[in-house]
Amino acid sequence: MRHKRLFSGIQPTGELHLGNYFGAITNWVRLQDQWDAIYCVVDYHAMTVEYDSDTMRRRVLEVSALLIACGLDPAKCSLFVQSDVPEHTELMWVLSTLAPMGRLQNMTQFKEKSEKNADNINLGLFAYPVLQAADILIYKAEAVPVGEDQLQHLELSRELARKFNTRFGETFPEPKQLMTEAPRILGLDGKSKMSKSLNNYIGLTETPEQVWEKLRPAYTDPARLRKSDPGNPDICNIFTLHKMVSPKELVLEIDRACRKAEIGCIECKKNLAQNLNNVLDPIRSRYSELEARPGEVLDVLAAGKERCRRTARETMDEVREKTGLRP
Ligand code: TRP
């Protein structure tokens, strides 16, 4: 039986960290068994803010290798680089003629990024959500696993699908969001979402020593000044991380012992470091294997490109036909 199609994308900016892993990647790995899953490293999107060409070249391969190291299996899903399939930008042009400027102007991400990049508010940044819609629609994907911050963009994708269908005939399914159940992973500051730019993250390829350097001073329950103060795991980000990586019995024990002030934060963090490293070890070793054999990653991306390009061309043929462009 053919599975239904799913699409998601990730930007090749920054080092992948635990927030990406628990928030998105583990979900992607799970979904590749249940869907015809297409995963894309979106380099066109990453160009909409200031960037360095050499860094981009390197990051695209790094992110791809890491995704494979995390468990994306080229035998089960397609993994490719956005700019390898230029039909994305071709469809984007068509969709851009249906996209109301006012809607784009009101996108939260556009407003935020405009503020951060005040000297480079470019057309690409403005049109970013239209390209994202093209990414999804060109494969007629029915589902898109994304976090909350992308819901507005997905809503626009549905709107553009609807508009196209009304104007030119039924073509695109309206893509549904698949929300991750994963709790939001806060950074080591315990305040903001884990992110590269806030430097409050643990990278997936950091060594056990680096992991500990970062965990040791990490923010916990602020009301807990001494080990003898009872703590509150409900508001402690270290506890959230425990829930992601530690065995259930340990999680229950930590919950109990923290509330009774029987375990201190350092001991709790040592336990966490150990269980975190159990999760990261296989990723790190698979990643360094791939680093030693970059041809393997290139082969995966080449296969992904071939497959996706075929589908993308079919959709574009249909779009050209329906919109009155030359065949
Ligand atoms: N905008 C998404 C993000 O920043 C990345 C992305 C690009 C994407 N195209 C997509 C996600 C299509 C889902 C579907 O996270």
Worksheet item: If each Cα of region 39-92 is one equal point scatterer, what is log10 of I(q)/I(0) from the Debye formula at q = 0.26, 0.29 Å⁻¹?
Response: -1.08, -1.17
Item to complete: Indicate the helices, whole DSSP H runs only, in the chain that combine a mean Kyte-Doolittle hydropathy of -1.0 or more with a Cα extent along their long axis of 20 angstrom or more.
Response: 53-69, 123-137, 151-168, 265-292, 294-323
Worksheet item: When N counts the residues of region 82-131, how does its alpha-carbon radius of gyration compare numerically with 2.2 N^0.38 Å, as a ratio?
Response: 1.21
Worksheet, complete the sentence: Rounded to the nearest 10 Å², the accessible area of LYS176 using a 1.4 Å probe with every protein chain kept is 130
Discussion item. At 1.4 Å probe size, what's the solvent-accessible area of SER288? Round to the nearest 10 Å².
Written reply: 60
Discussion item. Which order do you get for HIS88, HIS3 if you rank them by accessible area with a 1.4 Å probe, largest at the top?
Written reply: HIS3, HIS88
Worksheet item: In debye, nearest 20: dipole of the chain around its Cα centre with unit charges on the Cβ of K, R (+) and D, E (-)?
Response: 540
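Can you give the direction-averaged projected area of the convex hull of the alpha-carbon atoms in region 197-290, in nm²? Present the calculation step by step, with values, prior to reporting the outcome.
Details: hull surface 25.7 nm².
Result: 6.4 nm².
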Worksheet item: Using Cα-only point scatterers and the Debye equation, what is log10 of I(q)/I(0) for the chain at each q in 0.07, 0.08, 0.12 Å⁻¹, rounded to two decimals?
Response: -0.33, -0.42, -0.88
Worksheet item: Got a number for the accessible area of GLU213? Probe 1.4 Å, square angstrom, nearest 10.
Response: 120
Fill in: Normalised alpha carbon radius of gyration of region 114-166 [divisor 2.2 N^0.38 Å]
1.27
Response to the item:
Answer check: region 1-87, Cα atoms, Kirkwood Rh, Rg/Rh ratio of 0.97
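The values are calculated or read from the model by the stated rules, or taken from the named source; none is laboratory data. Note that the structure is predicted; figures quoted are calculated from it, not measured. Virtual Cβ from ideal backbone geometry, glycine too; neighbours counted across all protein chains shown. Only protein heavy atoms, including side chains, enter the accessible area calculation; ligands, DNA and RNA are left aside. Shrake-Rupley method; radii C 1.70, N 1.55, O 1.52, S 1.80 Å.
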